[in-house]
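The values are calculated or read from the model by the stated rules, or taken from the named source; none is laboratory data. All values derive from a computational prediction rather than experimental measurement. Every residue, glycine as well, gets a Cβ built from its backbone with ideal geometry; the counts of neighbours run over all protein chains shown.
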Amino acid sequence: MICLSNFRIAESAGAQIDSLVLNGGPTKSRLWNQITANVVNRPLKVPDIGEAAPIGDAILAGVAAGIYKDPIEPLSQIVTIKETIDPDSEVHKRYADFFEVWRSVYHSPEGRHGSAPRAPETLRRAGMTENGPLLEVREITKQFPGVVALSDVSFDLKAGEVHSLVGENGAGKSTLLSCMNGLQLPSKGAIYLHGRKVTFSKPADAIRQRLSMVHQELVLCPNLTVAENIYLGREPSKSGGMADRARMLRDAKALLAEIKVEIDPNRPARVA
């Protein structure tokens, strides 16, 4: 049993991990928890509280201080496991295959420190050259009254790359993505897409440029169906401009089937 946030570190160190306890995050989202179990390919134990991170941190601190031999005993005394979600091995294999391809490119001589091999046709459609960045952020600063949330942040992203943005709560991760996605305007700095300077005043502007953000928190419209929530803001339309609900429902069914989630896309959306 191990906290989810330390899973990758422990796994790479050769630790035997049988199951995981969700330590923080959107524990009320059954779909999110199922995806997590599929990715790590271990049973995921979901505690009966909405936010387990402070408890998990306290227990780990107790282990480090020698108060506990391991986290299992105090965890079992404090937290009740309300559900265990088993992974779908077939879906996990698809994740594993993807990560294996990504690792082979990332660690290749032409990977992270050079120009990873990419399909010329894909690059051409994106308006990219072989070595040019797909997305570039230059010296982004974001100030709020009395607080500097971001200070001269710069990075670039090439086609085919995957980046991880790491930091404590309040470090500015979400603020940076919000500036890149048009939710907020940066106080200073610039964003370049395909080498061209862009300004997004709202998320719809970014989506039109094929730049989208998947939010951590689930914000659903309970008055709409599951399918309508999936396609909110980008509904397929018929020739007369009306929403194509039949296509929306059909495509939503296919998407849910792909991740093996049994939800009626025509029912009202809600978080259980």
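Being assigned to a helix (DSSP H, G or I) and in contact with a Pro (Cβ under 7 Å, 6 or more places away or on another chain) is the filter here, so list the residues in segment 207-227 that pass it.
Val226, Ala227 - these are the residues of segment 207-227 that are assigned to a helix (DSSP H, G or I) and in contact with a Pro (Cβ under 7 Å, 6 or more places away or on another chain).
Return a yes/no flag: does segment 233-242 have any residue that is closer than 28 Å to Ser89 by Cβ and surrounded by 12 or more Cβ atoms within 10 Å (Cβ to Cβ). No. Among the residues making up segment 149-178, those that are of a type in the set (A, V, I, L, M, F, W, C) and either in contact with an Asp or Glu (Cβ under 6 Å, 6 or more places away or on another chain) or under 17 Å from Leu134 (Cβ atoms) (or both) are Phe155, Leu157, Ala159, Val162, Leu165, Leu176, Leu177. Considering only residues in segment 15-41 that are modelled with pLDDT of 65 or more and charged (D, E, K, R), the one that is farthest from Pro74 (Cα to Cα) turns out to be Arg30.
Taking segment 168-207 as the range and being surrounded by fewer than 16 Cβ atoms within 10 Å (Cβ to Cβ), under 18 Å from Glu139 (Cβ atoms) and among the small types (Gly, Ala, Ser) as the test, the residues that pass are Ala171, Ser187, Ala190, Gly195.
The criterion of being farther than 24 Å from Ala37 by Cα and surrounded by 13 or more Cβ atoms within 10 Å (Cβ to Cβ) holds for Arg247. Please determine whether any residue of segment 54-77 is within 22 Å of the chain's Cα centre (by Cα), at pLDDT below 70, surrounded by 15 or more Cβ atoms within 10 Å (Cβ to Cβ) and under 21 Å from Asn169 (Cα atoms). Yes, segment 54-77 contains at least one residue that is within 22 Å of the chain's Cα centre (by Cα), at pLDDT below 70, surrounded by 15 or more Cβ atoms within 10 Å (Cβ to Cβ) and under 21 Å from Asn169 (Cα atoms).
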